[in-house]
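Worksheet: the structure to be examined is printed underneath.
The values are calculated or read from the model by the stated rules, or taken from the named source; none is laboratory data. This structure is a prediction, so every number in the text was calculated from the model and none was measured. We place every Cβ from the backbone using ideal geometry, glycine too, and count neighbours over all the protein chains shown. Only protein heavy atoms, including side chains, enter the accessible area calculation; ligands, DNA and RNA are left aside. Shrake-Rupley method; radii C 1.70, N 1.55, O 1.52, S 1.80 Å.
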Amino acid sequence: MADPSSYRPKPGQIPDSPGVYKFRDEHRRVIYVGKAKSLRQRLANYFQPLTSLHPRTATMVTTAASVEWTVVSTEVEALQLEYTWIKEYDPRFNVKYRDDKSYPYLAVTLNEEFPRVQVMRGQKKKGVRYFGPYGHAWAIRETVDLMLRVFPVRTCSAGVFRNAASAGRPCLLGYIGKCSAPCVGRVTPEEHRELADEFCDFMAGRTGTYIRRLEKQMTIAAEDMEYEKAARLRDDIEALRRAMEKSAVVLGDATDADLIALAEDELEAAVQIFHVRGGRVRGQRGWVTDKVEAVDTAGLVEHALQQLYGEESGDTVPKEVLVPALPEDVEAVTAWLSGRRGAGVSLRVPQRGDKKDLMETVARNAQQALVLHKTKRASDLTTRSRALEEIAEALDLESAPLRIECFDISHLQGEDVVASMVVFEDGLPRKSEYRRFQIKGFEGQDDVRSMHEVISRRFKRYLAEKDRTGEWGPAADGEGPGDGEVPAEDDGRPKRFAYPPQLVVVDGGQPQVAAARRALDELGIDDIAVCGLAKRLEEVWLPGDDDPVVLPRSSEGLYLLQRVRDTAHDFAIRYQRSKRTKRIRTSPLDAVPGLGETRKQALIKHFGSVKRLRQATIEQICEVPGMGRKTAEAVVVALAAAAPAAPAVNTATGEIMEDDGGGTA
């Protein structure tokens, strides 16, 4: 635990101007990002006596080992830079709202020649118009099915569109009138885009225009005694009205607004957002977060606004945002939102009327979401904590292993030998830190030697990173960083292999554990525990022990170790299979200079397989279109030099399969 006074800047060094500051830990990771109107006043608050600080703030400043800042011109710039750094560095002590699921959107791909209506999830793409989010994908499909009667926009994939265009026949939707069939030229690109624009206008809330237009057309058709046309228009009007009824009117003045409500306790906070367009609720979403920093309701609102609109622009930022409490720098936040929209945005707390009533409904949803989250997570948190405690007790560790790394070796009969490293933090997988290795030190099958190589390579990288960032203090030999110097290129972003685990788990028994321990000892690392989990009896092996540690079958600690081991095993197998597939797809023809992919495929197509090509003469090879005698001679030489591949075996029957059907070039 660091003493904040050891890295406290002198008051005169801190500028009295707007800016953004970063706290870093001993590994140079950014652990907290904040902004301030006055950096001098704000940073002074962090260096008070620990007893006067909020417990979360005290934890942060004692975890940190340094602080730095960047001066900006305005508070709006500080807000934008804070959001950018939080997204880039993912600091552990910043509040970050995370969706509990990927919400589906109704998307119109206006960036294509023939726009397509479809369900989309995940990151938003440029040139695509989004509506939602919706609670369920089926709700989008029901709405689209109704609206395609009036706006028959393309909904098919690119492959289906190309197949229909090449065949000259539309798909089923084209035959039943729910697609204008641009694939076969029934409408021009301009006419189809106009349909897509009308679809977007209707979804954006401009519904009255189209309803009135269709009613007028229906009346005219009836007066002209075109009763079939009038009946079809009547059904179209009914379909649009049913689509409108799926989102109830909540605000009578056709307001475009987002309503944000919070429910919080001492440890966690839930946020709910209702997206209201044209007076109707068009979407709903919610987040839950741990309150890892000392933050009030106004601060939570500001974080929610950053999360919600940090990547948005244009009409996706509404004219009005209603919140339960105004952020501290309300002028700066309002200016930032207006900049994202490109027009004025009103940020306020509703005081009366329909908007206040709707805000209460959103708040009730937030409260229910928090209760549901706590019900789900209580068991998860309890279980994970108990699992880590059981592991610490069984392995005689000083504290619970908050970061666990597991290594596994994979190969197929000694070929394509690879290894995997998976990382679990707080009992949960951290996939961004998974790593894969190719065994380079030797060839052949030797799991023990492979494990020693992988552990050595991983922790050599850790020691190199530790040395590079100056964590070893002044350099004794004049090389490397000294006097606490930190290289300019160290920017706090997560580095590969930069952070040590508290526990290394290897997939295997005594030999693999001994190899891992020996690798660490050779590097002078003695503060990282090692254990192995043998598959046969699920025994836990420790270095130097003749007998394994047997955890009860019902143990949460054993279950967590099994999950870590199985994850590493699966990750290694996937990598090994990908390498094997890539190797198998290679051909002796790859070594022929000047022989491109087209002529290789022509050879295989002509002879049927590499085996038959190997039996061909130079004259027979010259008969293949595009093959000259010089190239044919090179092919014969290359095939003669390459050893014939081992026969394929059907693993189910044991039958040797002849290579007569085909091959790959």
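Taking the listed residues ARG364, ARG386, ARG403, the one that is open to solvent by less than 30 Å² (accessible area, probe 1.4 Å) and closer than 26 Å to VAL288 by Cβ is ARG403, with no other qualifying.
Any idea which of LYS35, LYS87 is open to solvent by less than 50 Å² (accessible area, probe 1.4 Å) and not in a loop (DSSP other than H, G, I, E, B)?
Values: LYS87 fails: open to solvent by less than 50 Å² (accessible area, probe 1.4 Å).
Result of the check over LYS35, LYS87: LYS35.
When the stretch 389-400 is limited to residues that are more than 30 Å from GLN576 (Cβ to Cβ) and of a type in the set (A, V, I, L, M, F, W, C), the one that is least open to solvent (accessible area, probe 1.4 Å) turns out to be ALA392.
Consider the stretch 411-431 and keep the residues that are open to solvent by 10 Å² or more (accessible area, probe 1.4 Å) and part of a strand (DSSP E or B). The one that is modelled with the lowest pLDDT is GLU415.
Residue check: is GLU453 buried (at least 19 other Cβ atoms within 10 Å of the Cβ) and in contact (Cβ under 8 Å) with a residue 12 or more places away in the chain? The answer is yes for GLU453. The residues of the stretch 416-450 that are of a type in the set (A, V, I, L, M) and more than 30 Å from the chain's Cα centre (by Cα) amount to a single one, VAL448. One residue stands out in the stretch 247-268 among those that are modelled with pLDDT under 85 and under 26 Å from the mean Cα position of the chain (by Cα): the one that is least open to solvent (accessible area, probe 1.4 Å), namely GLU268.
Going by the structure shown, is VAL506 aliphatic (A, V, I, L, M) and open to solvent by less than 50 Å² (accessible area, probe 1.4 Å)? Break it down stepwise before answering.
Values: aliphatic (A, V, I, L, M): yes; open to solvent by less than 50 Å² (accessible area, probe 1.4 Å): yes.
Answer is yes for this residue.
Selection of first residues in the stretch 619-641 that are of a type in the set (D, E, K, R) and of second residues that are open to solvent by less than 90 Å² (accessible area, probe 1.4 Å), restricted to Cβ pairs under 6 Å at least 6 apart or on distinct chains, gives the following pairs, ordered by first then second residue: ARG629/CYS622; GLU633/ILE618.
A residue that is more than 21 Å from GLY278 (Cα to Cα), out of contact with any Lys or Arg (no Cβ under 8 Å at 6 or more places or on another chain) and surrounded by 13 or more Cβ atoms within 10 Å (Cβ to Cβ) occurs nowhere in the stretch 104-111.
The listed residues are ALA369, ALA400, ALA419, and the only one of them that is small (Gly, Ala, Ser), under 25 Å from LEU267 (Cβ atoms) and touching a strand residue (DSSP E or B) at 6+ places or on another chain (Cβ under 6 Å) turns out to be ALA369.
Those residues that are among the hydrophobic types (A, V, I, L, M, F, W, C) and either out of contact with any helix residue (DSSP H, G or I) (no Cβ under 7 Å at 6 or more places or on another chain) or in a loop (DSSP other than H, G, I, E, B) (or both), I need them from the stretch 335-357; list them, please. First the steps, then the outcome.
Step one: list which residues in the stretch 335-357 are among the hydrophobic types (A, V, I, L, M, F, W, C), which gives 335-337, 343, 345, 347, 349.
Within the stretch 335-357, ALA343, VAL345, VAL349 meet the criteria.
Within the stretch 597-650, the residues that satisfy the criterion of being at pLDDT 80 or above and outside any helix (DSSP H, G or I) are ALA616, THR617, GLU623, VAL624, PRO625, GLY626, MET627, GLY628. For the subset of the stretch 131-156 comprising residues that are open to solvent by 30 Å² or more (accessible area, probe 1.4 Å) and more than 13 Å from LYS178 (Cβ to Cβ), which member is modelled with the lowest pLDDT? The residue in question is GLY135. Inspection of the stretch 384-403 identifies at least one residue that is assigned to a helix (DSSP H, G or I) and under 25 Å from the mean Cα position of the chain (by Cα).
Scan the stretch 175-196 residue by residue and report those that are surrounded by fewer than 16 Cβ atoms within 10 Å (Cβ to Cβ) and of a type outside the set (A, V, I, L, M, F, W, C).
Of the stretch 175-196, the ones surrounded by fewer than 16 Cβ atoms within 10 Å (Cβ to Cβ) are 175-177, 184-186, 188-191, 194.
Result: TYR175, GLY177, GLY185, ARG186, THR188, PRO189, GLU190, GLU191, GLU194.
Restricted to the stretch 162-246, the set of helices (runs of 4 or more DSSP H) holding at least 1 residues that are at pLDDT 80 or above and touching a strand residue (DSSP E or B) at 6+ places or on another chain (Cβ under 6 Å) comprises 189-203.
Listed by first and then second residue, the pairs linking a residue in the stretch 512-528 that is open to solvent by 40 Å² or more (accessible area, probe 1.4 Å) to a residue that is aliphatic (A, V, I, L, M), with Cβ atoms under 6 Å apart and 6 or more places separating them unless they lie on different chains, are ARG517/VAL530. Is one or more of the residues making up the stretch 463-471 open to solvent by less than 40 Å² (accessible area, probe 1.4 Å) and at pLDDT 80 or above? The answer is yes; a qualifying residue exists.
For the stretch 1-27, the set of residues classified as in a loop (DSSP other than H, G, I, E, B), at pLDDT below 85, open to solvent by less than 90 Å² (accessible area, probe 1.4 Å) and not hydrophobic (A, V, I, L, M, F, W, C) consists of ASP3, HIS27, listed by residue number. Restricting to the stretch 277-334, and then to whatever is in a strand (DSSP E or B) and in contact with a Pro (Cβ under 6 Å, 6 or more places away or on another chain), can you tell me which residue is modelled with the lowest pLDDT? Looking at residues that are in a strand (DSSP E or B) and in contact with a Pro (Cβ under 6 Å, 6 or more places away or on another chain), I get GLY283. Please work out if GLU443 is in a loop (DSSP other than H, G, I, E, B) and more than 20 Å from GLY508 (Cβ to Cβ). Yes, satisfied. Out of the residues in the stretch 67-80 that are closer than 13 Å to LYS22 by Cα and buried (at least 17 other Cβ atoms within 10 Å of the Cβ), which is nearest to the chain's Cα centre (by Cα)? Across the stretch 67-80, the extreme among qualifying residues is ALA78. Please verify whether ARG56 is under 29 Å from LEU372 (Cα atoms), of a type in the set (D, E, K, R) and in a helix (DSSP H, G or I), treating the condition exactly as stated. Yes.
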